[in-house]
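Quick notes on the structure that follows.
Readers should treat all values here as calculations from the given coordinates under stated rules, not as data from a laboratory. Keep in mind that this is a model prediction, so the values were computed, not measured. All Cβ positions, even for glycine, are placed from backbone atoms using ideal geometry, and neighbour counts span all protein chains on display.
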Amino acid sequence: MANVLIRPIITEKMTAMGEKFNRYGFITERTANKLEIRKAVERMYGVTVASVNTMTIAGKLRSRYTKSGVIKGQTKSYKKAVVTLAEGEVIDFYSNI
């Protein structure tokens, strides 16, 4: 359960969602369920979680042209969780910098 949260998602879109709707995004283990994600966020950041939405992002096919020919591969698939916090709660990702 210690490795449920891999890293937070810090993009313009997720930052705007955090400011406007009090929602924060995390990349999680693919086997983690909503209850484990809720407990991990509450324990790690000391906040109250109102709801958790999860989605599994499939890997994309990629091809690269090199001198020796075309190399085909695939990016990794991952699970993304969008966590909505209770009213008045805030997560500050930049406090440790």
State all residues of the range 39-81 that are among the aromatic types (Phe, Trp, Tyr) and surrounded by 11 or more Cβ atoms within 10 Å (Cβ to Cβ); if no residue qualifies, say none. 45, 78
For the range 30-56 the number of residues that are under 22 Å from residue 77 (Cβ atoms) and small (Gly, Ala, Ser) is 2
I'd like the residue in the range 76-93 that is β-branched (Val, Ile, Thr) and outside any loop (DSSP other than H, G, I, E, B) and, out of all such residues, is nearest to residue 21 (Cα to Cα). 84
Those residues of the range 16-35 which are surrounded by fewer than 11 Cβ atoms within 10 Å (Cβ to Cβ) and assigned to a helix (DSSP H, G or I) amount to 19, 20, 35
Restricting attention to the range 36-75, which residues are in contact with a Leu (Cβ under 9 Å, 6 or more places away or on another chain), under 30 Å from residue 86 (Cα atoms) and either basic (Lys, Arg) or assigned to a loop (DSSP other than H, G, I, E, B) (or both)? 47, 48
Hey, residue 6 hits all of (1) in a helix (DSSP H, G or I); (2) in contact with a Phe, Trp or Tyr (Cβ under 8 Å, 6 or more places away or on another chain) but one; which does it fall short on? (1)
In the range 16-31, residues that are under 12 Å from the mean Cα position of the chain (by Cα) and of a type outside the set (Phe, Trp, Tyr) total 6
What do you reckon, is residue 52 under 17 Å from residue 14 (Cα atoms) and touching a Gly at 6+ places or on another chain (Cβ under 8 Å)? no
